Amino acid sequence: MAARAYWQGHMRLALVSFPVEIYSAIQTGAKLRFNQIHEPSGKRIAYEKVVPGVGPVDREEIIRGFEVSKGNYVLLEDEEIEGVKVESKRTLELVQFVDIGDIDPLYFDKPYYVVPQDELAEEAFIVLREALRKSRKAALGQLSVRGAEKLVAIKPCGKGMLLETLRYADEVRQGQSFFDDIDDARPKKDLLELASTLIEQRSAPFDASEFKDRYTDALRRLIDKKNKSKSKKAIIEDAGDAGTGRSGNVIDLMAALKKSVSEADAKPDAKPAGRKRKAS
């Protein structure tokens, strides 16, 4: 089944405009989703709209409301909400360019692929892509989708381009308040050198396929096992010791770092835990 475009329209830079299509870069089916089931009957549970003290209500009696204080709501009709929606535009105007590294990763939300809509659009598309690549810049604009407006950043991605929706400033918590209680002291030089050596030993180019979601894999095996056996009970295999338990003993940081470095030296081909080796 062909992928469905998330958005179709024109990308415009000054007087240059060309048609593009935008597709989600995320596979939503990769994660398992569960339904709630009534065990005696084996049927899926349905949900009723219920008001405390009133009981079930008709859908026609439901409107949306925004809580302004505990238990107090501003009620809004659908027509009122529709009236403030941003006009649907079929043009994504590139209004600013920034260094790619200037955008804090905290602001990135969802990734999408951008492709030219037809052969006639390819020339302008390629020119913009290569200009962004040469300048190491990302283009900024605002995309109107379903009445809402999303801030987006666009950068080269192989033969195409990658569009990433960005969070607005008021959607991001500033981290400093969480870090205030952390000591400002500098680490000891020998500890820092050992940690740096360990990092260097375990450094490698990023490859997402090297990592597996062990929890999802174990769930799939459990589901497959129960589906074949038709039994009501099954034991999930141990996904491995995550090593997250806290020890009651005081850890000698220097000894632990030295041991980690020496073990890595003894196994020069070893990869970090959680990775799989590629087939040769």
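The values are calculated or read from the model by the stated rules, or taken from the named source; none is laboratory data. Only a predicted model underlies this, so the values are computations on that prediction, with no experimental measurement involved. Using ideal geometry, Cβ is built from the backbone for each residue, glycine included, and neighbour counts are taken over all protein chains shown.
Is it true that ASP118 is over 25 Å from HIS10 (Cβ atoms) and either surrounded by 11 or more Cβ atoms within 10 Å (Cβ to Cβ) or touching a strand residue (DSSP E or B) at 6+ places or on another chain (Cβ under 7 Å) (or both)?
Criteria not met by ASP118.
Checking ARG4 against (1) surrounded by 10 or more Cβ atoms within 10 Å (Cβ to Cβ); (2) free of Cβ contacts under 8 Å to residues at least 60 places away in the same chain; (3) closer than 30 Å to ALA131 by Cα; (4) among the charged types (D, E, K, R): exactly one of these is not met. Which one?
Going through the list (1) surrounded by 10 or more Cβ atoms within 10 Å (Cβ to Cβ); (2) free of Cβ contacts under 8 Å to residues at least 60 places away in the same chain; (3) closer than 30 Å to ALA131 by Cα; (4) among the charged types (D, E, K, R), ARG4 breaks only (1).
Where the second residue is among the polar types (S, T, N, Q) and the first is more than 13 Å from GLU193 (Cα to Cα) and lies in region 254-265, which pairs have Cβ atoms under 6 Å and are six or more apart or on separate chains?
Every condition considered, the pairs that remain are ALA264/GLN201.
Report whether or not VAL98 is over 25 Å from the mean Cα position of the chain (by Cα) and either in contact (Cβ under 8 Å) with a residue 24 or more places away in the chain or more than 25 Å from TYR23 (Cβ to Cβ) (or both).
no
Can you tell me which of (1) loosely packed, with under 12 Cβ neighbours inside 10 Å; (2) touching a Phe, Trp or Tyr at 6+ places or on another chain (Cβ under 7 Å); (3) among the aromatic types (Phe, Trp, Tyr); (4) within 30 Å of ASP213 (Cβ to Cβ) is the one TYR47 doesn't meet?
(2)
Would you say THR91 is more than 30 Å from LEU222 (Cα to Cα), within 31 Å of the chain's Cα centre (by Cα) and polar (S, T, N, Q)?
yes
Taking the stated definitions as given, is GLY101 at negative phi and surrounded by 11 or more Cβ atoms within 10 Å (Cβ to Cβ)?
No, not satisfied.
Is region 102-113 home to any residue that is in contact with an Asp or Glu (Cβ under 9 Å, 6 or more places away or on another chain), in contact (Cβ under 8 Å) with a residue 40 or more places away in the chain and closer than 18 Å to VAL16 by Cβ?
Looking for residues that are in contact with an Asp or Glu (Cβ under 9 Å, 6 or more places away or on another chain), in contact (Cβ under 8 Å) with a residue 40 or more places away in the chain and closer than 18 Å to VAL16 by Cβ, one finds none in region 102-113, hence no.
For region 203-217, indicate whether the set of residues that are small (Gly, Ala, Ser), under 23 Å from LYS110 (Cα atoms) and free of Cβ contacts under 8 Å to residues at least 24 places away in the same chain is non-empty.
Looking through region 203-217, at least one residue is small (Gly, Ala, Ser), under 23 Å from LYS110 (Cα atoms) and free of Cβ contacts under 8 Å to residues at least 24 places away in the same chain.
Which residues, counting only those in region 176-221, are modelled with pLDDT under 85, among the aliphatic types (A, V, I, L, M) and surrounded by 13 or more Cβ atoms within 10 Å (Cβ to Cβ)?
The answer is ALA218, LEU219.
Please verify whether GLN27 is at pLDDT 90 or above and exposed (fewer than 15 other Cβ atoms within 10 Å of the Cβ), treating the condition exactly as stated.
Taking the combined requirement at face value, the residue does not satisfy it.
Might you let me know whether region 49-71 holds any residue that is assigned to a strand (DSSP E or B), small (Gly, Ala, Ser) and at positive phi?
yes
Looking only at region 166-222, filter to residues that are under 22 Å from the mean Cα position of the chain (by Cα) and of a type in the set (Ser, Thr, Tyr); which one of those is nearest to ILE26 (Cα to Cα)?
Filtering region 166-222 for residues that are under 22 Å from the mean Cα position of the chain (by Cα) and of a type in the set (Ser, Thr, Tyr), the one nearest to ILE26 (Cα to Cα) comes out as SER209.
ARG136: in contact with a helix residue (DSSP H, G or I) (Cβ under 7 Å, 6 or more places away or on another chain), farther than 25 Å from TRP7 by Cβ, without any contact (Cβ under 8 Å) to a residue 40 or more places away in the chain and not aliphatic (A, V, I, L, M), yes or no?
yes
What are the pairs with Cβ atoms under 6 angstrom where one residue, in region 40-66, is within 25 Å of ILE81 (Cβ to Cβ) and the other, located anywhere, is of a type in the set (D, E, K, R) and surrounded by 10 or more Cβ atoms within 10 Å (Cβ to Cβ)? Sequence gap at least six, or different chains.
Hits for this filter: VAL57/LYS49.
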